[in-house]
Amino acid sequence: DVVARHRAKLPACVIAIGGGSAIDAGKAISAMLTQEGAVRDFLEGMETRTHDGRKVPFIAVPTSSGTGAEATKNAVLSEVGLMVFKRSLRHDNFVPDIALVDPVLTLSCPAPVTAACGLDALTQLLEAYVSTQATPMTDALALSGLQAVASGFVRAVEHGASNLEARSQMAYAALLSGIV
């Protein structure tokens, strides 16, 4: 267990490089290094304890363009097997301290993964836009993200290894999907 191995001597920061799952794992590690107990004790809907929001500084570096985890306050965690669950560790302080969004890092993302991630960003942008809690600010950001998806999605899927502009559009859309 990463947290148990490093809890005694806290690292200066936690850096997660990868897709949304890797970023969420890094976010949870950052948050749990400062707490006693298991992450399960703090998971939304299962919590027996409340997280105080302390964490080790966290840097998110996405390599796909989907979940927008680089801009969210929650770490979505799941377990397979007998104790199947998918829950969030959530606190306003869990938004990454730094998000390094570089579309170059998405160029090697395979087309099927690019498509699935892009549809994730599209869905989140649509959800935010039609939400009963939408505001003029979230609507403006969601629309900008939707325009980026319209411009970049097909080109990123079909020519993603060589089309940095399309990858940039999708990285922007994913970031906005996390913000909204």
Check your understanding: Which parts of region 154-180 would a label at S144 reach, counting a residue when its backbone N lies under 12 Å from a point 7 Å out along Cα-to-Cβ?
Key -> 172-173, 175-177, 179-180
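Tell me, what is a quarter of the convex hull surface for the C-alpha atoms of region 1-43, in nm² with one decimal?
Working: hull surface 12.4 nm².
The directionally averaged projection comes out at 3.1 nm².
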Revision key, fill the gap. Distance in Å, no decimals, from the C-alpha centre of region 139-174 to the one of region 22-79 is 27 Å
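Can you give the FRET efficiency for V3 and E127, using 1/(1 + (r/R0)^6), R0 = 35 Å, r = Cβ-Cβ distance, to the nearest 0.05? Working shown, then result.
On the way: r = 31 Å, r/R0 = 0.90.
That pair, V3 with E127, gives E of 0.65.
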Review point. Packing-wise, with mean Cβ within 10 Å as the measure, how do 104-113, 140-149, 46-55 rank, highest first?
Key: 140-149, 104-113, 46-55
Point to revise | Mean accessible surface per residue for the chain, computed with a 1.4 Å probe while every protein chain stays in place, in Å² | key: 52 Å²
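Work out, step by step, the length gained on full extension between S108 and R155: first 0.36 nm times the residue separation, then minus their alpha carbon distance; give nm to one decimal. Each step should come with its number before you reach the end.
Numbers: separation 47, 0.36 × 47 = 16.92 nm, distance 1.41 nm.
Extending this stretch completely gives an extra 15.5 nm.
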Review point. Under a Cβ-Cβ cut-off of 12 Å, what is the net charge of the residues other than A69 that fall near it, where Lys and Arg count +1 and Asp and Glu count -1?
Key: -1
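Of the accessible area of the chain, with the probe set at 1.4 angstrom, what percent is carbon plus sulfur? Please list the in-between numbers first.
Values: 5650 of 9430 Å².
Using a 1.4 Å probe with all protein chains present, the chain comes out at 60 percent carbon and sulfur.
Give me the dipole magnitude in Debye, nearest 20, for region 1-113 about the Cα centre, with unit charges on the beta carbon: positive for Lys and Arg, negative for Asp and Glu. Let's see the in-between values first.
Details: 12 positive and 12 negative charges, 41 e Å.
Dipole magnitude for region 1-113 comes out near 200 debye.
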Check your understanding: What size of dipole, in debye to the nearest 20, comes out for region 94-180 about its Cα centre when the only charges are +1 on Lys and Arg C-beta atoms and -1 on Asp and Glu C-beta atoms?
Key -> 120 debye
Point to revise | the chain: calculated mean residue ellipticity at 222 nm from DSSP helix runs of at least 4, using -39500 (n - 2.57) | key: -14500 deg cm²/dmol
Check your understanding: Against the longest principal axis of the chain, how steep is helix 111-130, in degrees 0 to 90 to the nearest 10, with axes from Cα atoms?
Key -> 80 degrees
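Please work out whether region 1-90 counts as rounded, prolate or oblate from its C-alpha gyration tensor, where a ≥ b ≥ c are the square roots of the eigenvalues and a/c under 1.5 means rounded, while otherwise a/b larger than b/c means prolate and anything else oblate?
Oblate shape, in that a/c is at least 1.5 and b/c is the bigger or equal ratio.
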Practice item. Output ³J(HN,Hα) for region 6-12: one whole-Hz value per residue in order, computed from phi by the Karplus curve 6.51 cos²θ - 1.76 cosθ + 1.60 with θ = phi - 60°, and x for Gly and Pro. Key: 10, 5, 5, 10, 4, x, 5
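The values are calculated or read from the model by the stated rules, or taken from the named source; none is laboratory data. This is a predicted model, so every value here is computed, not measured. As a convention, Cβ positions derive from the backbone with ideal geometry for all residues, glycine included, and neighbour counts pool all protein chains shown. The accessibility values were calculated without ligands, DNA or RNA, using every heavy atom of the protein model including side chains. Shrake-Rupley method; radii C 1.70, N 1.55, O 1.52, S 1.80 Å.
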